[in-house]
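The values are calculated or read from the model by the stated rules, or taken from the named source; none is laboratory data. Quick caveat: nothing in here was measured; it's all calculated off a predicted structure. Counting neighbours? That spans all protein chains shown, and the Cβs are built from the backbone with ideal geometry, glycine included. Keep in mind that these areas ignore ligands, DNA and RNA; they rest on the heavy atoms of the full protein, side chains included. Shrake-Rupley method; radii C 1.70, N 1.55, O 1.52, S 1.80 Å.
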Amino acid sequence: MRLYNYIGSANGYKVELALAQLGVEYQRVEIAIFQGEGQRPEFLRRNPVGRVPVLELDDGGCIAESNAILCHLASGTHLIPAAPRDYTRMLSWLFFEQSEIEPVLGSARFWILTGRSAERGAELDRRLAWARKSLAVLDQHLAKNAFLVENQYSIADIAMYAYGHLADDAGIPLAEYPAVHAWCRRVEAQPRYIAGPGAYTADALLTG
Ligand SMILES: N[C@@H](CCC(=O)N[C@@H](CS)C(=O)NCC(=O)O)C(=O)O
């Protein structure tokens, strides 16, 4: 299988972390999203939205959306809870990540690290305040549970960790969320953990 990804993408990092932890071999194709490679016809055929990550299966079929890719890769493995109720809880956290963490913490971090914060003005503050509320919810949950689905490490933890552990980059000290902070260390202690994402490439940076 083949993974189309961009080095600085935390959505892409989720998938690479899951692939590493599952011991799955794959071919990695770097997409220079800041040079418009995601908008080229050959990439749009794989994901009409023009975004990474995209997983291409051996039969040529493609899966977009990082959390859907995680579900596909982890199907039938220890990274997905077997009990229906736990499975549903895992889905709740995957959706929470996409609605309450990625668009706020992820966007804020991107704007700050790439020189876009001045042009975002009040919108940046709004997203940072929202990210803090989401982290508080996570902190409350993780104060009582070792992992998102109680005591079982799952793809929900992988998805949440991808942006969650980067809060400091967005100016939100994780130390203010001690249970999230401690959970990050538990995720990092899992077998075959790999660090990520990589740094933004120079073409992502707004200069002047
Ligand atoms: N919800 C999607 C978001 C994907 C996404 O926003 N990818 C970014 C990189 S993190 C991208 O490809 N951006 C390029 C663009 O929007 O043109 C997912 O979880 O995979």
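Which listed residue (Leu55, Ser92, Ala122) has the Cα farthest towards the positive end of the charge dipole for the stretch 1-131, taking +1 on Lys and Arg C-beta and -1 on Asp and Glu C-beta about the Cα centre?
Ala122
At 222 nm, what value in deg cm²/dmol follows for the chain if DSSP H runs of at least 4 each add -39500 (n - 2.57) and the sum is divided by all its residues, to the nearest 500?
Values: 9 runs with 92 residues, N = 208.
About -13000 deg cm²/dmol.
Run the 1.4 Å probe and let me know the accessible area of Leu206, rounded to the nearest 10 Å².
In the full protein context, Leu206 sits at about 80 Å².
Out of the total accessible area of the stretch 136-208 (probe 1.4 Å, heavy atoms of protein only), what percent is carbon and sulfur?
On the way: 1840 of 3310 Å².
Of all accessible area on the stretch 136-208, carbon and sulfur atoms account for 56 percent.
Measuring from label point to label point, each 7 Å out along Cα→Cβ, what is the Glu150 to Met1 span in nm?
Once both label points are built, they end up 2.8 nm from each other.
How would you classify the chain from its alpha-carbon gyration tensor, with a ≥ b ≥ c the square roots of the eigenvalues: rounded for a/c under 1.5, else prolate if a/b is greater than b/c, otherwise oblate? Let's see the in-between values first.
Details: a/c = 1.84, a/b = 1.04, b/c = 1.77.
Cα axes put the chain in the oblate bin.
Which whole-number value in Å² is the accessible area per residue of the chain, probe 1.4 Å? It would help to have the intermediate numbers written out before the result.
Values: 9840 Å² over 208 residues.
Per residue, the chain has an accessible area of 47 Å².
Which residues among the stretch 142-165 fall inside the zone where the amide N is under 18 Å from a point 7 Å beyond the Cα of Arg120, along Cα→Cβ?
162-165
Report His181's accessible area, 1.4 Å probe, all protein chains in place, as a number in Å² to the nearest 10.
80
Provide the percentage of antiparallel DSSP beta bridges, counting only those with both residues in the stretch 1-145; round to the nearest 5. Present the calculation step by step, with values, prior to reporting the outcome.
Details: 6 of 10 bridges.
Here the share of antiparallel DSSP bridges comes out near 60 percent.
With the dipole of the chain worked out from charges on the C-beta (+1 for Lys and Arg, -1 for Asp and Glu) around the Cα centre, which of Leu113, Ala136, Gly164 lies farthest toward the positive end?
Positive-most Cα among the choices belongs to Ala136.
Using r as the Cβ-Cβ distance of Leu91 and Glu42, and R0 as 35 Å, what FRET efficiency do you calculate, to the nearest 0.05?
On the way: r = 32 Å, r/R0 = 0.92.
The computed FRET efficiency comes out at 0.60.
What accessible area, in Å² to the nearest ten, does a 1.4 Å probe give for Thr77?
It works out to around 40 Å².
Select from the chain the helices, each a whole stretch of DSSP H, whose alpha-carbon atoms run 27 Å or more along the helix axis and whose Kyte-Doolittle mean is at least -1.0; answer none if there are none. It would help to have the intermediate numbers written out before the result.
Numbers: long enough: 122-142 (30 Å, -0.28).
Both cut-offs are met by 122-142.
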